[in-house]
Amino acid sequence: MLSPKRIVFLGSVLLILLTASVPRVITYQGKLLDSATNTGVNDTLSMTFQFYDASTGGSLLWEENIPEVVIYRGLFSVILGESDNFDTLSFGRQYWIQVIVEGDLISPREKLRSVPYALRASVAENVIGGANGWIDDGGIVRLVNATDKVGMGLGSPRTELEVYGRILAGESENGILLIEDKNAPSGERVKFIQSDNGRLHIGKSDDGLASLSTQATIDNFGNLGLGTEDPQARLDVNGQMYSRIYNIPWPSR
């Protein structure tokens with residue numbers, strides 16, 4: 001094992017390998033000198049790399065061990081992040097890197113410079129409004145965090161979407177509101193409310209939203225149709241009616 005006194009200098013260059021097809025990784029390059037001879041170390045040693053949120057103390061945020069790092073004339077190069085692609089780090093704040101060589105801590109920790117924060121570009125280039133906001137995946141715009149809430153017209157939404165004011169939904173001349181109940185049986189999960197030529201339709205849709213089946217209609221005169229989309233009276237029923245109070249089916253079944 002190397003004594004801490006033998007490690008007199010550790011410099012680094014941090015490079016980013018980041019493309020659409022390459023995992024998020026950091027290339028870390030350094031130089032390790034022997035204090036006894038002031039020459040570069042020639043050896044194969046175990047190294048552990050840790051990310052902290054402070055220069056001293058703080059919280060350990062990420063760690064990776066590379067058991068066999070080849071060092072030639074003091075120079076070494078490792079690729080960090082291959083094990084997990086830094087999935088637990090956002091690179092949205094300052095980090096410090098701690099290097100441990102064969103169990104010996106290298107002090108002080110090194111402040112992570114600006115280049116590694118280019119990893120953040122894989123998210124930031126598509127984010128609207130910063131790290132906590134909307135992200136554009138191409139054909140889909142969504143929230144970065146699934147637990148976030150959206151408030152329109154108010155500052156503290158109580159549900160996933162809360163609107164203080166009016167909502168306008170339209171599809172050509174028609175507006176439609178879809179409501180999904182994931183606990184309902186397959187094929188019965190999506191209900192809808194649709195405005196069409198002065199009529200308000202209420203019904204259900206298949207789970208793929210490919211077709212709509214109207215179950216009730218209110219026309220522009222206030223007529224309610226059950227089983228018909230063209231009610232001719234205040235109550236127009238196309239089918240049987242049943243009174244639960246008097247238990248009298250009408251018409252007779």
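Things worth noting here:
- Residue list for the stretch 187-202, filter: over 17 Å from Leu224 (Cα atoms) and assigned to a loop (DSSP other than H, G, I, E, B): Gly187, Glu188, Arg189
- Single match in Gln94, Gln98 (criterion: polar (S, T, N, Q), closer than 30 Å to Val144 by Cα, surrounded by 15 or more Cβ atoms within 10 Å (Cβ to Cβ) and modelled with pLDDT of 80 or more): Gln98
- Here is the figure for the stretch 66-108: residues that are part of a loop (DSSP other than H, G, I, E, B), more than 21 Å from Arg24 (Cβ to Cβ) and in contact with a strand residue (DSSP E or B) (Cβ under 7 Å, 6 or more places away or on another chain) total 4.
- Of the residues examined, Gly57 is one that is in the same structural domain as Ile26 (by TED's automatic domain parsing), at pLDDT 90 or above and on the phi > 0 side of the Ramachandran plot.
- When Glu82, Glu68, Glu64 are checked against the criterion of being buried (at least 17 other Cβ atoms within 10 Å of the Cβ), out of contact with any Lys or Arg (no Cβ under 8 Å at 6 or more places or on another chain) and among the acidic types (Asp, Glu), a single residue qualifies: Glu64.
The values are calculated or read from the model by the stated rules, or taken from the named source; none is laboratory data. Treat the numbers as computed from the prediction; the structure is a model and nothing was measured. All Cβ positions, glycine included, derive from the backbone under ideal geometry; neighbour counts span all protein chains shown.
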